[in-house]
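J.: Pasting in a structure now, in structure tokens, and then I'll have a few things to ask.
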Amino acid sequence: MGLSGRDLLSVGDLSSEELVGLLARAEELKRGSEPGTPLARRSIALIFLRPSNRTRVSFEAAIARLGGHPIALFDREIEMGRRESVGDVGRILDGFVDGLVARIPSERDLRGLARAMRSPVINAMTDLGHPCQILADCLTVQEQLGHLAGARVTFVGDGNNVCNSWIEASQVAGIDLRVVTPAGYEPAPAVLQAAAQLRGVGGRVVVTNDLGEGLAGTDVIYTDVWTSMGQEEQHEDRRQDFGPYQVNERVLERAPEGTRVMHCLPAHRGEEITDAVIDGPQSIVFEQAENRYWLQLALLAEIFGSAGAEG
Ligand code: CP
Ligand code: NVA
């Protein structure tokens with residue numbers, strides 16, 4: 001497989017075959033296969049300009065498991081774009097570390113960092129995408145349904161970062177994706193157009209404001225917060241606009257029996273999802289969260305293994 005030494009900035013950076021291979025590697029590692037220590041004597045920087053529990057901890061743990069040394073950097077320390085330019089941060093880090101994991105609001109800044117660095121850069125979420133989340137979610141869907149291609153996933157929520165990465169995954173993996181949003185919160189047309197150009201087996205993406213249309217025949221209901229990081233001042237407006245789209249027990253009753261419920265977390269319980277659903281028998285949310293570790297362990301092993309571990 002050819003991920004060695006490469007960046008992972010979006011789901012669309014992977015071909016269909018590479019995605020299949022990555023998920024297979026994650027499944028092997030989860031079953032107990034030995035990943036070795038391709039990161040021995042290597043350091044990976046992690047820039048987190050926004051809060052994180054799952055992403056940072058699972059990446060740090062996976063880096064340590066592969067023999068590497070994680071170095072977490074926060075805004076208060078590097079003040080990227082204020083204390084020094086994005087390009088200078090990248091050039092300097094490149095001299096010290098062997099790779100970078102970055103959670104940065106601006107996709108433009110992430111790509112600027114990737115251009116400034118020769119070492120691999122992994123997107124740990126921007127306002128435009130959350131590829132590592134959705135790659136791990138693909139692993140969870142495959143585990144639960146026994147297949148990924150042809151899976152019917154209904155995303156209910158805001159057409160932003162998490163949704164955008166699902167749209168790309170639909171094209172790469174052949175997922176039948178329905179995106180249900182309130183009017184005015186649909187994914188950007190440019191995201192849908194760009195995804196349609198990706199190499200991949202091709203999936204179907206339907207965008208609708210009609211929850212009933214989204215629920216018909218689905219395998220998975222997936223939701224995310226109504227108010228993303230950085231949108232806190234819009235919280236009240238969003239609570240009003242998204243209210244009819246809450247994933248609650250009445251919604252589950254309208255979906256096919258056995259529909260699984262997923263959420264990238266953190267959950268705003270009582271807003272986009274109720275306690276009864278997230279803690280109920282159809283929820284696979286906590287298995288989903290654990291898979292962040294296995295997928296990222298596989299991703300790091302592929303990027304930093306073989307040729308990526310030379311020098
Ligand atoms: N799902 C996710 O990315 O969680 P964190 O924000 O806690 O990393
Ligand atoms: N859409 C959410 C995802 C959190 C993992 C956010 O950007 O805050």
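J.: Consider residue 286 against the criteria (1) in a helix (DSSP H, G or I); (2) open to solvent by less than 10 Å² (accessible area, probe 1.4 Å): it satisfies all of them except one. Which criterion is unmet?
T.: Of everything listed in (1) in a helix (DSSP H, G or I); (2) open to solvent by less than 10 Å² (accessible area, probe 1.4 Å), residue 286 misses just condition (2).
J.: Which members of the stretch 152-197 meet the condition of being part of a loop (DSSP other than H, G, I, E, B) and surrounded by 24 or more Cβ atoms within 10 Å (Cβ to Cβ)? Lay out the reasoning, then the answer.
T.: Within the stretch 152-197, the subset part of a loop (DSSP other than H, G, I, E, B) is 157-160, 174-175, 181-188, 197.
157, 158, 175 - these are the residues of the stretch 152-197 that are part of a loop (DSSP other than H, G, I, E, B) and surrounded by 24 or more Cβ atoms within 10 Å (Cβ to Cβ).
J.: So, in the stretch 240-271, of the ones that are closer than 22 Å to residue 135 by Cα and more than 16 Å from ligand 1 (Cβ to nearest atom), which residue ends up surrounded by the fewest Cβ atoms within 10 Å (Cβ to Cβ)?
T.: Initial filter on the stretch 240-271 (closer than 22 Å to residue 135 by Cα): 259-267.
Right, trim to more than 16 Å from ligand 1 (Cβ to nearest atom) and you get 259-260.
Working: 259: 18, 260: 21.
Checking each candidate, the answer is 259.
J.: Take the stretch 239-280 and flag every residue that is in contact (Cβ under 8 Å) with a residue 40 or more places away in the chain and either among the β-branched types (Val, Ile, Thr) or assigned to a helix (DSSP H, G or I) (or both).
T.: 241, 242, 244, 245, 247, 251, 254, 259, 261, 273 - these are the residues of the stretch 239-280 that are in contact (Cβ under 8 Å) with a residue 40 or more places away in the chain and either among the β-branched types (Val, Ile, Thr) or assigned to a helix (DSSP H, G or I) (or both).
J.: Among the residues of the stretch 272-281, write down those that are surrounded by 18 or more Cβ atoms within 10 Å (Cβ to Cβ) and away from ligand 1 (no atom under 15 Å from the Cβ). Break it down into steps so the answer makes sense when it comes.
T.: Residues of the stretch 272-281 surrounded by 18 or more Cβ atoms within 10 Å (Cβ to Cβ): 272-274, 277-278.
If the condition is that a residue be surrounded by 18 or more Cβ atoms within 10 Å (Cβ to Cβ) and away from ligand 1 (no atom under 15 Å from the Cβ), then 274, 277 are the ones that fit.
J.: Let me ask something else about it. From the list 61, 102, 40, 24, pick out the single residue that is of a type in the set (A, V, I, L, M), within 16 Å of ligand 1 (Cβ to nearest atom) and surrounded by fewer than 18 Cβ atoms within 10 Å (Cβ to Cβ). Show your work before the answer.
T.: Values: 102 fails: surrounded by fewer than 18 Cβ atoms within 10 Å (Cβ to Cβ); 40 fails: within 16 Å of ligand 1 (Cβ to nearest atom); 24 fails: within 16 Å of ligand 1 (Cβ to nearest atom).
Within the list 61, 102, 40, 24, the selection yields 61.
J.: Tell me which residues, restricted to the stretch 109-137, are within 16 Å of ligand 2 (Cβ to nearest atom) and in a helix (DSSP H, G or I).
T.: From the stretch 109-137, those within 16 Å of ligand 2 (Cβ to nearest atom) are 109-110, 122-137; that's our starting set.
Across the stretch 109-137, the qualifying residues are 109, 110, 131, 132, 133, 134, 135, 136, 137.
Results for (1) touching a residue at least 60 places away in the same chain (Cβ under 8 Å); (2) within 16 Å of ligand 2 (Cβ to nearest atom); (3) closer than 28 Å to residue 287 by Cα; (4) part of a helix (DSSP H, G or I), shown as yes or no for each residue.
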residue: 12; (1), (2), (3), (4): yes, no, yes, yes
residue: 22; (1), (2), (3), (4): yes, no, yes, yes
residue: 55; (1), (2), (3), (4): yes, yes, yes, yes
residue: 63; (1), (2), (3), (4): yes, no, yes, yes
residue: 67; (1), (2), (3), (4): no, no, yes, no
residue: 88; (1), (2), (3), (4): no, no, no, yes
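The values are calculated or read from the model by the stated rules, or taken from the named source; none is laboratory data. As the structure is a computational prediction, the values presented were derived from the model and not from experiment. Please note: Cβ atoms are built from the backbone with ideal geometry, for glycine as well, and neighbour counts cover all protein chains shown. Side chains included, ligands, DNA and RNA excluded: accessible areas come from the protein's heavy atoms. Shrake-Rupley method; radii C 1.70, N 1.55, O 1.52, S 1.80 Å.
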